[in-house]
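Engineer: Below is a structure I'd like to ask you about.
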Amino acid sequence: MNLTALWIRHVAYPMMEKRKGNRIRTYLQELSQTEKLSNHELRRWQEDHLQKLLLHAITQVPAYKDQQALTDLITRDPFEALSQFPLLTKDRFKEDQEAYLAKTADKNACILNRTGGSTGKPMTFYMDRQTVEHYEAARFRGLSWSQIRIGDPCVMIWGSPIELSAQAQRKERFKERILKNRIVIPAFDLKKDELPHYIKRIESYHPRYIYGWASALALFASFMLEKNIRLSVPLHAVVNTGETLYPHQRELIEKAFACKVINEYGARDGGIIAYECPKGGLHTTVENAVYEVVDMQTLQPVAPGEKGLLVVTDLHNYVMPRIRYVLTDVVAFSPSSCACGRTLPLIEAIEGRENDTFVALDGSYINGQYFTNIARMILSIQQFQIIQKSRDQVELLIVPHEDFTEQDIEKFKEGIRLRMGDVKIDAKRVTAIAPAASGKLLVAMREFPLPR
Ligand SMILES: [Zn+2]
């Protein structure tokens, strides 16, 4: 039995509940009851919460004062009323963020969140503590499906080490250990020779699960397979977060760690949106938000099952409501039900982010995964990155293995032109690909906005 886990469950959480009014476990309990409600009951549940939120927004939030004309409709049919609210894109939100702060909100009691620092102006927004606790509860519900409980030991295999002072690092490590029962291993700094050392560290911690970004997990897994090293401790799951998990990465990680990969789909500005169950269904957290999908180009709602940008209306954030907030993730909902018996609607696929969608010369869209598929056919490529600079210009960076040849570059270019048309391709051999400011390794990115 893990002592820290016991301490977290029997001392730390009860203390946080008593002293700070923390409600994560209460919300978790509620979520475990709602996950099997009928579709009709879930819809009613959302309707009640949506109605309260919209009435609050039109009376308390300056940005929504023009929607006061919808009061009657909100009372009669909240979903119909929601469809008449304008979509809120990130750009639109950034123009006047303060207008979305409720008049009743006490900024000092709010949690400030930042996102999108890598390109353009970073976005800041406020949340109340309850919203964050609802997100946490959703995460723990998802983990509970793989028999992982609050406080269970976890190893994070993370992108880049967080830049903190030595003292702040010690404090952070202490908090990680004592409140989250978690240690962090930085994957992109990892050298192959150090792998046995890290494996020992993981084994001595006896984690119930491993948590990390797909690219970091896949890199670690590929080292393990290459060196033929396996963990001697059994895991309940490896959880991917923060990045799209491609099928070949899933395969690699499951092989190296000898357990299932579970996808956690969340966004800093959207909470825990969906969690994968052991049957492979990616279940949405419909108790926390209303989700819609709109066409990437026209921003009009798509037919059920079709892919587009995910639109989120968080049902719990009363301090800064963002209604019909457009995320840059490309998803499709699935009409089917899951073998696990949970009724929470399923996301069919996360096709990546809007900015890894390329535009071909003929105007069609190409998912970033397409380029990964080409690269997988060319075994002499260790790593690559492709950047669409403009409609007719692409930059291709390749980290080659020793047996890489000019013909391999030509093969890659041919694959690119097959879908993109006769674009100019600037191919370069490099020794490494730098992670983005966020620490993530981006495989494909487009540097100009989609035509709308
Ligand atoms: Zn399921």
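The values are calculated or read from the model by the stated rules, or taken from the named source; none is laboratory data. Just so we're clear, the structure is a prediction, and the values are computed from it rather than from any experiment. Cβ atoms come from the backbone with ideal geometry, glycine included; neighbour counts cover every protein chain shown. Each accessible area value is taken on the protein alone, full model and side chains, heavy atoms only, with ligands, DNA and RNA left out. Shrake-Rupley method; radii C 1.70, N 1.55, O 1.52, S 1.80 Å.
Engineer: Report, for the chain, the % of DSSP beta bridges that are antiparallel, rounded to 5.
Structural biologist: Working: 41 of 67 bridges.
DSSP beta bridges in the chain are roughly 60 percent antiparallel.
Engineer: Let me ask another. Need one number: convex hull volume per residue for the stretch 360-446, Cα atoms only, in Å³.
Structural biologist: 90 Å³
Engineer: Could you tell me the relative contact order of the chain? Use alpha-carbon pairs under 8 Å, at least six residues apart, and round to a whole percent. Working shown, then result.
Structural biologist: Details: 796 pairs, mean separation 62.6, N = 452.
Averaging sequence separation for qualifying contacts and normalising by length gives 14 percent for the chain.
Engineer: Each residue of the stretch 298-306 in order: what ³J(HN,Hα) in whole Hz does its phi give by Karplus 6.51 cos²θ - 1.76 cosθ + 1.60, θ = phi - 60°, with x for Gly and Pro?
Structural biologist: Values per residue, Gly and Pro as x: 8, 6, 8, x, 9, 5, x, x, 8 Hz.
Engineer: Taking the Cα centroid of the stretch 197-256 and of the stretch 270-343, what is the distance between the two, rounded to the nearest whole Å?
Structural biologist: Cα centroid to Cα centroid, the span is 27 Å.
Engineer: Relative contact order, percent, of the stretch 360-446 when contacts are C-alpha pairs under 8 Å separated by at least 6 residues?
Structural biologist: About 37 percent, as a whole number.
Engineer: Next up: Using only Cα atoms, locate the centre of the stretch 78-102 and the centre of the stretch 378-412, then give the distance between them in Å, rounded to an integer.
Structural biologist: 41 Å
Engineer: Further, regarding this structure: Using a 1.4 angstrom probe, figure out how much accessible area the chain has per residue, in square angstrom, rounded to the nearest whole.
Structural biologist: Per residue, the chain has 49 Å² of solvent-accessible surface.
Engineer: Report ³J(HN,Hα) in whole Hz for each residue of the stretch 247-257, in order, from the Karplus equation J = 6.51 cos²θ - 1.76 cosθ + 1.60 where θ = phi - 60°; Gly and Pro get x.
Structural biologist: x, 5, 5, 4, 4, 4, 5, 5, 5, 5, 9
Engineer: Here's something else I'd like to know. Where does the charge balance sit around Arg250 when Lys and Arg score +1, Asp and Glu -1, over other residues with C-beta under 13 Å from its C-beta?
Structural biologist: -2
Engineer: Take the chain, drop everything but the C-alpha atoms, weight them equally and run the Debye formula without solvent; then report log10 I(q)/I(0) at 0.09 Å⁻¹ to two decimals.
Structural biologist: Rounded to two decimals, the profile gives -0.64.
Engineer: Still on this structure, I have one more. Could you work out the local net charge near Ile229, counting Lys and Arg as +1, Asp and Glu as -1, over the other residues with Cβ closer than 15 Å to its Cβ?
Structural biologist: Working: positive: Lys191, Lys192, Lys200, Arg201, Lys227, Arg230, Lys255; negative: Asp193, Glu194, Glu203, Glu226.
Result for the local shell: +3.
Engineer: Let me ask you something else. Report, to the nearest whole %, how much of the accessible area of the stretch 360-446 belongs to carbon and sulfur atoms, 1.4 Å probe, protein only.
Structural biologist: 51 percent
Engineer: For Cα pairs less than 8 Å apart in space and 6+ apart in sequence, what is the mean separation divided by the residue count of the stretch 323-396, i.e. the relative contact order in percent?
Structural biologist: RCO, the stretch 323-396: 20 percent.
Engineer: What number comes out for the charge environment of Gln393, summing +1 per Lys or Arg and -1 per Asp or Glu over other residues with Cβ under 15 Å away?
Structural biologist: Its environment carries a net charge of +2.
Engineer: Given charges of +1 on the Cβ of Lys and Arg and -1 on the Cβ of Asp and Glu, with all other atoms neutral, how large is the dipole of the stretch 192-340 about its Cα centre, in debye to the nearest 20?
Structural biologist: For this selection, approximately 460 debye.
Engineer: Please give the charge dipole size of the chain, origin at the Cα centre, charges +1 on K and R Cβ atoms and -1 on D and E Cβ atoms. Round to the nearest 20 debye.
Structural biologist: 1620 debye
Engineer: Quick query: amide H of Ile381 versus all other amide H atoms, modeled in the peptide plane; which residues come in under 5 Å with a sequence gap of 5 or more or a different chain?
Structural biologist: Under 5 Å from the amide H of Ile381: His401.
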